[in-house]
Amino acid sequence: MKYGRTYNFSAGPAMMPEPVLEEIRDEMMNYRGSGMCVMEMSHRSKVYQQIIDDAEKDLRDLMGIPDNYKVLFIQGGATLQFSMIPMNLMKNGKAVYIETGAWSKKAIAEAKKCGEVIVAASSKDKNYTYVPDCSDLDIPEDTDYVYICENETIHGVTYDKLPNTKGHILVSDQSSMFLSKPCNVSDYGLIYAGVQKNVGPAGMVVVIIREDLIRDDLENLPIYLQYKTHADNGSMYNTPNCWAIYCCGKVFKYLKDMGGLEVMHQKNLDKAKVMYDFLDSSSMFKGTVEKEFRSLMNVPFVTESKELDAEVVAATKAAGYDNLKGHKSVGGLRASIYNAMPKEGVEALVDFLKKFEAEHK
Ligand SMILES: *Cc1c(COP(=O)(O)O)cnc(C)c1O
């Protein structure tokens, strides 16, 4: 690794592609002859308008977002969407949620403040180590939407196929898998992603919403919480997170230049295979998730004891592999291997863990 950088296995904020960081560095003091840093620019300037327009265009190209979907850059992180979604989409006051781990649980708790929440399937019985069967859910006719967290960052589970929503709109939290593989946007009514997991700096969420779901009958909702406000003003009703939009735009372009999401997906498959093959062959380390539902992005694993887990975390950190401690709610270890983690990083970690295992037999 250049610059003395470390292989950072953090769940988020997480690694960004090195060429993108270098480009940002090169443009830091004087962005393309503007005489200023992007951090110092008016969001109403021509030069900044170009940055946000390019970011949206590159994201649209990358995902093949149809014209009848709006792309919004909103502050408040993914967490604010736990509230904005029910506030904006609950017309009949009823929604179906699938409970697969910590992040869908949080979304359920917030939605309950807005209306009736039906948890139609849950994997709580096995401590969120799989995705429940969603092929024939009990969905009331007047349900406003079906909600999933498509990749549970803490529990490391992901959907092998999308739920059968029986004609209802699908809402998906893609925070920790956004742009990790191709996505057929028209399968969804709304997709959102906090960008600090797999794209850029913290403090922003990308919302992709089908136009007909943007309502104009919500006058009593605070203006900032209405999707309409952000859609009508090109994500600039107020000052947006200019810096995050700029950095994310660079990552979108980087992924496009690399060959797009098919290419990224193949890299992610190759990378995750290194990790999971190791876990399947090790007698000291074990993956915690059922095979079909293993995340390509977040890999939780454990040893036989908490003490040994802690010892491994300390040893990896000392060896230059950072942030492998599992989330405090589940313990163990977790390697987050997002888009920007190179395969060499995973291979190096696996080599280290193999050595650790051999020395502690
Ligand atoms: C991190 C995360 C969130 C919360 O993101 P913030 O930007 O910190 O609000 C929500 N959902 C998932 C799946 C996440 O990984």
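The values are calculated or read from the model by the stated rules, or taken from the named source; none is laboratory data. Given the structure is predicted, the values throughout are model-derived calculations rather than measurements. We place every Cβ from the backbone using ideal geometry, glycine too, and count neighbours over all the protein chains shown.
Hey, could you check segment 298-318 for residues that are more than 16 Å from G345 (Cα to Cα) and of a type in the set (S, T, N, Q) and say which is surrounded by the most Cβ atoms within 10 Å (Cβ to Cβ)? Across segment 298-318, the extreme among qualifying residues is T303. Could you tell me how many of the residues in segment 72-91 are part of a helix (DSSP H, G or I), away from the ligand (no atom under 12 Å from the Cβ) and within 14 Å of T143 (Cβ to Cβ)? The qualifying residues number 2. Tell me, yes or no, whether segment 92-108 has at least one residue that is away from the ligand (no atom under 16 Å from the Cβ) and surrounded by 20 or more Cβ atoms within 10 Å (Cβ to Cβ). Yes, that holds for at least one residue.
Considering segment 184-207 alone, what residues qualify as being of a type in the set (A, V, I, L, M, F, W, C) and within 15 Å of the ligand (Cβ to nearest atom)? Correct list: L190, I191, A193, V195, V199, A202, M204, V205, V206, V207. Within segment 109-147, the only residue that satisfies the criterion of being within 14 Å of the ligand (Cβ to nearest atom) and in contact with a Leu (Cβ under 9 Å, 6 or more places away or on another chain) is Y147. Tallying residues that are under 16 Å from the mean Cα position of the chain (by Cα), within 15 Å of S172 (Cα to Cα) and either among the polar types (S, T, N, Q) or not assigned by TED's automatic domain parsing to the domain that holds S186 (or both) within segment 59-94 yields 2. Restricting attention to segment 122-159, the residues that are farther than 24 Å from L269 by Cβ, of a type in the set (V, I, T) and not in a strand (DSSP E or B) total 2.
Would segment 27-48 turn up any residue that is over 23 Å from K228 (Cα atoms) and touching a His at 6+ places or on another chain (Cβ under 6 Å)? No, segment 27-48 contains no residue that is over 23 Å from K228 (Cα atoms) and touching a His at 6+ places or on another chain (Cβ under 6 Å).
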